[in-house]
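Q: Let me give you the structure first, and then I'll get to my questions.
The values are calculated or read from the model by the stated rules, or taken from the named source; none is laboratory data. Bear in mind that the values here come from a model prediction, so they are computed numbers and not experimental data. Heads up, the Cβs are rebuilt from the backbone with ideal geometry, glycines too, and the neighbour counts pull from every protein chain shown. The accessibility values were calculated without ligands, DNA or RNA, using every heavy atom of the protein model including side chains. Shrake-Rupley method; radii C 1.70, N 1.55, O 1.52, S 1.80 Å.
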Amino acid sequence: MQNISISADLLSNPLCEQDQAFLDSMTALDTAMRRMDSFNQEKVNQIQKTVIDPLKKYSGVFPSLNMAVKRREQALQDYKRLQSKAEKYEEKEKTGPVMVKLHQAREELRPVREDFEAKNKQLLDEMPKFYYSRIDYFQPSFEALIRAQVVYFTEMYNIFSELTDQIDQAGLTDEQRERETEAKLSELRALSIVADD
């Protein structure tokens, strides 16, 4: 948008009213800046759709994975706690009450162990799949990003080529343009309002 503002300011310069060639150049510049802004906005929209939105969607999976890891960790803690309890009864003298408590501890341990093993197995199965799927998930996004960049820079090249053709003085080489620019800068430096640095 700032480019459009600059070109609009140049178009409103009184010199445009006096010099048709300058007006034509500034009109061409203003048109190029508007086209650039349009293509830039299109590129931003494309990046939003092809990269940023998929990244947000992908990162939305992490909270559920984190919860699954936390549930597995909690199941592991419960399993260890009950296993330790059962082991204590196994180490004690095998009396009737101890055997009853050992049996109860083993009965409590079985569903907790099964729960932990199921959660652990699920994570061991799904985490590698999730990890390796990221490449397949992001590949199209990166390809779209590269295509958007190629289109954008191709369009910028075309815009500036057209602008150069419109405002360029025909037949001047780069060396001639450089000499002309240096001569104009020398004139400016020679003005009394320019301070020597």
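Q: Go over the candidates Ile146, Ile159, Ile135 one by one and state the one that is open to solvent by less than 80 Å² (accessible area, probe 1.4 Å), assigned to a helix (DSSP H, G or I) and of a type outside the set (Phe, Trp, Tyr).
A: Testing whether each residue is open to solvent by less than 80 Å² (accessible area, probe 1.4 Å), assigned to a helix (DSSP H, G or I) and of a type outside the set (Phe, Trp, Tyr) leaves just Ile159.
Q: Checking the structure you have, find out if any residue of region 57-75 is buried (at least 16 other Cβ atoms within 10 Å of the Cβ), among the hydrophobic types (A, V, I, L, M, F, W, C) and at pLDDT 90 or above.
A: Checked against the condition, which is being buried (at least 16 other Cβ atoms within 10 Å of the Cβ), among the hydrophobic types (A, V, I, L, M, F, W, C) and at pLDDT 90 or above, region 57-75 yields at least one hit.
Q: Pick from Arg113, Arg179: which is open to solvent by 100 Å² or more (accessible area, probe 1.4 Å), assigned to a helix (DSSP H, G or I) and charged (D, E, K, R)?
A: None of the others qualify; the one that does is Arg179.
Q: Can we say Lys119 is more than 21 Å from Ser25 (Cα to Cα), open to solvent by 60 Å² or more (accessible area, probe 1.4 Å) and charged (D, E, K, R)?
A: Criteria not met by Lys119.
Q: Then there's this: Using beta carbons and a limit of 9 Å, which pairs, at least six apart or on different chains, have the first residue in region 83-100 and open to solvent by less than 60 Å² (accessible area, probe 1.4 Å) and the second one outside any helix (DSSP H, G or I)?
A: Val98/Lys92
Q: Here are Ala68, Ala28: which of them is out of contact with any Lys or Arg (no Cβ under 6 Å at 6 or more places or on another chain), closer than 30 Å to Phe160 by Cβ and in a helix (DSSP H, G or I)?
A: Only one candidate qualifies: Ala28.
Q: Would you confirm whether any residue within region 25-48 is open to solvent by less than 60 Å² (accessible area, probe 1.4 Å), in contact (Cβ under 8 Å) with a residue 40 or more places away in the chain and of a type in the set (Val, Ile, Thr)?
A: yes
Q: Okay, moving on. Would a scan of region 55-62 turn up a residue that is charged (D, E, K, R), closer than 17 Å to Phe130 by Cα and free of Cβ contacts under 8 Å to residues at least 40 places away in the same chain?
A: yes
Q: A further question follows. For Ser141, indicate whether it is more than 30 Å from Leu23 (Cα to Cα) and in contact (Cβ under 8 Å) with a residue 12 or more places away in the chain.
A: The answer is yes for Ser141.
Q: Among the residues that make up region 11-19, is at least one of them assigned to a helix (DSSP H, G or I), small (Gly, Ala, Ser) and either open to solvent by less than 60 Å² (accessible area, probe 1.4 Å) or more than 30 Å from Arg147 (Cβ to Cβ) (or both)?
A: no
Q: Being out of contact with any helix residue (DSSP H, G or I) (no Cβ under 7 Å at 6 or more places or on another chain) and more than 22 Å from Lys70 (Cβ to Cβ) is the filter here, so list the residues in region 92-130 that pass it.
A: Glu93, Lys94, Thr95, Gly96, Pro97, Met99, Val100, His103, Gln104, Glu107, Arg110
Q: Go over the candidates Arg81, Arg34 one by one and state the one that is at pLDDT 85 or above, of a type in the set (Lys, Arg) and within 30 Å of Ala105 (Cβ to Cβ).
A: Only one candidate qualifies: Arg81.
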